[in-house]
Amino acid sequence: MAEGVDTPDRRGRTGLDRAGRDLTGNPRVRVRDVEVVSSNWYVTRRTTFDFQHSDGTWSVQERETYDRGNGACILLYNRSARTVLLTRQFRFPAYVNGHPDGELIEVAAGLLDEDDAETAIRREAQEETGLEVGDVEHVFDAFMSPGSVTEVLHFFAAPYERSIGERAGLVDEGEDIEILELGFDDALARIGVDIIDAKTIMLLQWAALRGPFTS
């Protein structure tokens, strides 16, 4: 009896080994088996499938996928002041992989959980910056690490008038978030220096090329 398969895991889920078994969109892929490797808060699966190569031959392949659910992120900007509202928070995975202190500068973001993308990003913006955003613009969607992570990230942007605090975050979730109001040109210049989070870089570049700060 495996947790998340026959018996509920810590989140009450079962049948997690069914994911991917009914895929039919690509005739070159035939799923053979799905094994749940771990089911704690997120789910790791090992899938075995037949894959047809461009020369017509078939091979048996195996991939592990990490399913943390889908997410959303948002760039909050003030066009007239030419500023953006970002956050800084500790990220252990970055810290353990060589970042000096694990404190990353990012746009507000979070998982959808059971919400649609727009509802989720309004919630996350309020939790991480203290602001209740008005109209939001859906910018694009992207797979952030398609080699192993299933997550699709929904990108949004919205105007804000002024920052209302210096720190935010949900204490019961261990969050301790610093709010940063940066000049847009300063933020762009810091890409690759201390702004090294992919979703943040993507939204800043969108804002410069096609968004509120297009020349």
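The values are calculated or read from the model by the stated rules, or taken from the named source; none is laboratory data. Keep in mind that this is a model prediction, so the values were computed, not measured. Reconstructed Cβ throughout: ideal geometry from the backbone, glycine too, with neighbour counts over all protein chains shown. Heavy atoms of the whole protein, side chains included, go into the accessibility calculation; ligands, DNA and RNA do not. Shrake-Rupley method; radii C 1.70, N 1.55, O 1.52, S 1.80 Å.
Would you grab the residues whose amide H sits under 5 Å from the one on Thr83? Only those 5+ places off in sequence or on another chain, please, with H modelled 1.01 Å from N.
For Thr83, the qualifying residues are Asn78, Phe184.
Which chymotrypsin sites (Phe, Trp or Tyr not before Pro) does the range 21-55 hold that lie in a coil by DSSP with at most 11 other beta carbons within 10 Å?
Trp41
Tally up the carbon and sulfur contribution to the accessible surface of the range 172-215 as a whole percent, 1.4 Å probe, everything protein left in place. The partial results should precede the final answer.
Values: 1100 of 2320 Å².
In the range 172-215, the share of accessible area belonging to carbon and sulfur is 47 percent.
Taking amide H positions as placed 1.01 Å from N in the peptide plane, with prolines and chain starts having none, which residues 5 or more places from Val5, or on another chain, fall under 5 Å of its amide H?
Result for Val5 returns Gly15, Leu16.
Compute, for the chain, the length of the dipole vector about the Cα centre, with Cβ point charges of +1 (Lys, Arg) and -1 (Asp, Glu) only. Units Debye, rounded to 20. Walk me through the numbers on the way to the answer.
Working: 23 positive and 40 negative charges, 140 e Å.
With only Lys, Arg, Asp and Glu charged at Cβ, the dipole is about 680 debye.
Rounded to the nearest whole Å², what accessible area per residue is found for the range 60-215 with the 1.4 Å probe?
Per residue, the range 60-215 has 53 Å² of solvent-accessible surface.
Suppose accessible area is computed on protein heavy atoms with a 1.4 Å probe; arrange Val193, Val43, Val136 from highest to lowest.
Val193, Val136, Val43
Evaluate the range 1-91: find the radius of gyration of its Cα atoms, find its Kirkwood radius, and give the ratio Rg to Rh.
Reported Rg/Rh, Kirkwood definition of Rh: 1.20.
What's the longest piece of the chain with no exposed GluC sites (Glu not before Pro), counting a site as exposed if DSSP puts it in a loop and it has at most 13 other beta carbons within 10 Å?
After excluding every exposed loop site, the longest remaining stretch is 1-113.
Per residue and in cubic angstrom, what volume does the convex hull of the Cα atoms of the chain have?
Given the Cα convex hull of the chain, per-residue volume reads 164 Å³.
Of the accessible area of the range 49-101, with the probe set at 1.4 angstrom, what percent is carbon plus sulfur? It would help to have the intermediate numbers written out before the result.
Numbers: 1500 of 3090 Å².
Carbon with sulfur: 49 percent of the solvent-accessible area.
Taking amide H positions as placed 1.01 Å from N in the peptide plane, with prolines and chain starts having none, which residues 5 or more places from Ile74, or on another chain, fall under 5 Å of its amide H?
Those qualifying (amide H under 5 Å, at least 5 residues apart or on another chain) are Ala108, Phe156.
Could you state the angle between the C-alpha long axis of helix 198-209 and the longest principal axis of the C-alpha atoms of the chain, as a value from 0 to 90 degrees rounded to the nearest 10?
It works out to around 50 degrees.
Just in the range 1-90: which trypsin sites (Lys or Arg not before Pro) are loop by DSSP and have at most 16 other Cβ atoms within 10 Å?
Arg10, Arg11, Arg13, Arg21, Arg28, Arg68, Arg79, Arg82
³J(HN,Hα) across the range 22-28 via Karplus (A = 6.51, B = -1.76, C = 1.60, θ = phi - 60°), whole Hz, x for Gly/Pro?
With the stated coefficients, the range 22-28 comes to 9, 5, 9, x, 10, x, 7 Hz.
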